[in-house]
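One structure is given here, and the rest of the page talks about it.
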Amino acid sequence: MFRSTSVRLAALYTVAFALAVVVLGASILFTTRAHLRQQFDARLEVEASALAQEFRAEGLSGVAQAVVERDRMAGALDYGLCTADGRPVAGRLAGSHPPLGWSRMRIVQPDGDVGFIRVLSTQLPQGYRLVVGTDDEQNDAFESNMIQGFAWALAGVVILGALGGYALSHGVHRRLAAMTGAAEAIIDGDLARRIPLSGSDDDLDALASTFNRMLERIAALMESLRQVSNDVAHDLRTPLTRLRQRLEASRLAPAREERSEAIAGAIEDVDAILETFAALLRIAQIEGGARRAAFRPLDLSVVVGTVVDAFAPSAEDAGQCLTLSAEPGGLIEGDAELLTQMTANLVENALRHAGNKAQILVEVRRKGPSAEVVVADNGPGVPEAERERILDRFYRLERSRSTPGDGLGLALVAAVVRLHGATLRLEDAAPGLRVRVSFGAPADGATLAFLNLADISRSPDAG
Amino acid sequence: MKLLVVEDDRETGAYLKRGLSEAGHTVDVAESGREGLFLAAGEAYDVVVLDRMLPHTDGMTVLRTLRASGVRTPVLLLTALGGIDDRVEGLEAGADDYLVKPFAMAELLARLNALARRPPTQDIPAVLQVADLKLDRLTRSVTRGGARVELQPREFQLLEYLMRNAGRVVTRTMLLESVWDFHFDPRTNIVETHMSRLRAKIDRGRANELIHTVRGAGYCLREPD
């Protein structure tokens, strides 16, 4: 029970509240006590000085008279008047000899009770001494009433705190138990399990839905991992088998020339396999997201321009037409190297699959504060049902099986797009395929820094 | 050339030593980062081939220590397959070039040659000349035998790189990296097509061809024999 966080919290709050009540009570008590004492003391001082006045005006007999009279009044102060050598003159306190000034004195009441009174002893002319005292007991009674009141308040706080704490911890405990249950189920292998939400939209719900999103992400990653290992097993088996056959054949080959040819072929096979591995690792690393630290503001039209410029002659030689239509100044934040490879893969994909005499148009458009790249061809296109799947690793359309390629080009594109938080859309260019990659807006600071850089690099000798 | 290979894997080390020795270089092999550091700091090598992944003192530490102690020997970093950030990190730490394992020996040789004979940038003459081919880096003009040759900007860059490495083999990937800044291998033969266009402008109809294809390795621009 006490290991529950909410119970502990409730207990802690109750203790804190109780302490607050105690501190509050004590401070009120002390202030009141000091205040009351001040008032009593002031009254004693007034009395003492009034009697001294009386002495000066009426002499000893006048004072004695006054003392006797005042002593007789109910609820009055106590008085005492004695001579310099201590002989009592008048008043109940005449027999006691407290030191001059303030003191506390023990007295025995007429009914036998022992009590304490506070006294002020003053010197009158001719060595007479006047003692004025007041009962402390009224004060004490008041104080004990107050303490009692505070004790009740304290008890109330503790009881209410305990009740509130119980209610709170019960509610929280129920919901934490639901979370624990979901986590246990997931540990036991039920990966589809999610934490139920209470619908109250509070912080625990927010936490639960964050956890659920995390679980979704993990499930997606697990799925993609499973997919990759399947794909690797499938797609590497063929070239590895071929490699094995080639090596086997080279062992049997009688002629030296034949053998070295077989070895050259084997090296080619290994290179192809390694390339596939490299591509897979690269995709995995991009999906890992570590590259985001290398993001810089950049002009998309420059990146895309370089790629189109590199591929245009090859396209032309193949009887295809690759053209660029770029609006400059489309700023995005990203990794130039990966964006270059992404564009190259898109262009290569179009060159490879759109067929002879295909027209491929690459556009860079500014879109608000950001930009998008569109690569469109007029080839046979991709059937709608398969459009999403061509982004998967190793996925290839049936008719493309004979064209070269490892089925990883667009998977890498998809990974780069995801890394940049961009969106990728595959559209029907009627005829052909249009791939549209739209980027989000770069941060303001980045844009400014970039503009300054652009100004500098506009000098003629740059580059 | 005198080369130092820092490589912990014995088999790879032996393979490198044999390949490089066959190409006429003197090769020392260090099997640990510590030993490599000791040798590189103590002897004058033309190029150091440094494996990034070494036990104990790793390649990056060796590289940083060398650079911090003022050793300016060119370093070629060997990185593992798919190490996407290794290149940037390596170049920042002071490497002059990098190569992803596994690689072809021809590629390594070409890069080592380019590294060892690479003059500091400020020492590159404004006008490069090979036989009767002249390239002016300031006016960005090219002439062959006195006749002006019109080149596209990218062809100009390609030719400049070849001329700066005149007499040495440059590989496809070296060209992809330095001319296009492509750090991946496109399936399309973009280097070949650009090269054939450049050749058409430089060499076509001439008695002496300057740009040569080196089979299995790359290209070489050199004076006719």
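The values are calculated or read from the model by the stated rules, or taken from the named source; none is laboratory data. Keep in mind the model is a prediction, meaning the values are calculated, not measured. Reconstructed Cβ throughout: ideal geometry from the backbone, glycine too, with neighbour counts over all protein chains shown.
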Can you tell me which condition A:Ala249 does not meet? The list is (1) over 30 Å from A:Pro328 (Cα atoms); (2) more than 8 Å from every other protein chain (Cβ to nearest Cβ); (3) within 53 Å of the chain's Cα centre (by Cα), and all the others hold. (3)
Please work out which residue is nearest to A:Gln53 (Cα to Cα), limiting yourself to the range A:108-158 and to residues that are of a type in the set (A, V, I, L, M) and assigned to a strand (DSSP E or B). A:Leu130
Is it true that some residue in the range B:42-63 is within 14 Å of chain A (Cβ to nearest Cβ), modelled with pLDDT under 90 and buried (at least 19 other Cβ atoms within 10 Å of the Cβ)? no
Condition set touching a strand residue (DSSP E or B) at 6+ places or on another chain (Cβ under 9 Å) and surrounded by fewer than 15 Cβ atoms within 10 Å (Cβ to Cβ), scope the range A:370-393, selection nearest to A:Val303 (Cα to Cα): answer is A:Glu388
What number of residues within the range A:337-369 are crowded, with 21+ Cβ neighbours inside 10 Å and outside any helix (DSSP H, G or I)? 5
Of the conditions (1) over 15 Å from the mean Cα position of the chain (by Cα); (2) under 27 Å from B:Arg215 (Cα atoms); (3) within 14 Å of chain A (Cβ to nearest Cβ), the single one that B:Ala104 does not satisfy is (1)
Members of the range A:176-206 found to be under 14 Å from A:Glu216 (Cα atoms) and either assigned to a helix (DSSP H, G or I) or among the polar types (S, T, N, Q) (or both), listed by number: A:Ala182, A:Ala183, A:Ile186
Does B:Arg197 meet the test of being more than 7 Å from every other protein chain (Cβ to nearest Cβ) and either in contact (Cβ under 8 Å) with a residue 40 or more places away in the chain or surrounded by fewer than 18 Cβ atoms within 10 Å (Cβ to Cβ) (or both)? no
Say we look at the range A:303-322 and pick out the residues that are aliphatic (A, V, I, L, M) and in a helix (DSSP H, G or I); which of these is nearest to the other protein chains (Cβ to nearest Cβ)? A:Ala310
In the set A:Ser6, A:Ser27, A:Ser61, the lone residue that is hydroxyl-bearing (Ser, Thr, Tyr) and under 24 Å from A:Ala90 (Cβ atoms) is A:Ser61
Just to be sure, is B:Thr188 surrounded by 17 or more Cβ atoms within 10 Å (Cβ to Cβ) and among the β-branched types (Val, Ile, Thr)? yes
Among the residues of the range B:147-187, how many are over 17 Å from B:Ala106 (Cβ atoms) and in a strand (DSSP E or B)? 3
Could you look through the range B:64-87, keep only residues that are aliphatic (A, V, I, L, M) and either in contact (Cβ under 8 Å) with a residue 24 or more places away in the chain or surrounded by 15 or more Cβ atoms within 10 Å (Cβ to Cβ) (or both), and pick out the one that is farthest from the other protein chains (Cβ to nearest Cβ)? B:Val71
Pick from B:Arg111, B:Arg118: which is assigned to a loop (DSSP other than H, G, I, E, B) and touching a residue at least 24 places away in the same chain (Cβ under 8 Å)? B:Arg118
Tell me, yes or no, whether the range A:278-297 has at least one residue that is more than 21 Å from A:Ala411 (Cβ to Cβ), surrounded by 14 or more Cβ atoms within 10 Å (Cβ to Cβ) and touching a Phe, Trp or Tyr at 6+ places or on another chain (Cβ under 6 Å). yes
Answer with yes or no whether A:Asp335 is more than 8 Å from chain B (Cβ to nearest Cβ) and among the acidic types (Asp, Glu). yes
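Residues are listed down the side, and each one gets a yes or a no for (1) out of contact with any Ser or Thr (no Cβ under 8 Å at 6 or more places or on another chain); (2) within 28 Å of A:Ile267 (Cα to Cα):
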residue: B:Leu3; (1), (2): no, yes
residue: B:Thr12; (1), (2): yes, yes
residue: B:Gly24; (1), (2): yes, yes
residue: B:Arg34; (1), (2): no, no
residue: B:Arg87; (1), (2): no, yes
residue: B:Val100; (1), (2): no, yes
residue: B:Ala106; (1), (2): no, yes
Has the range B:206-220 got at least one residue that is facing chain A (nearest Cβ under 10 Å) and in contact with a His (Cβ under 9 Å, 6 or more places away or on another chain)? no
In the range B:175-185, what residues are surrounded by fewer than 21 Cβ atoms within 10 Å (Cβ to Cβ) and more than 8 Å from chain A (Cβ to nearest Cβ)? B:Leu176, B:Glu177, B:Ser178
Conditions (1) over 30 Å from A:Ala233 (Cβ atoms); (2) within 8 Å of chain B (Cβ to nearest Cβ); (3) out of contact with any Pro (no Cβ under 9 Å at 6 or more places or on another chain); (4) charged (D, E, K, R) -> A:Arg282 fails only (1)
From the options A:Leu176, A:Leu207, residue that is closer than 30 Å to A:Arg418 by Cα, under 23 Å from the mean Cα position of the chain (by Cα), aliphatic (A, V, I, L, M) and surrounded by 11 or more Cβ atoms within 10 Å (Cβ to Cβ): A:Leu207
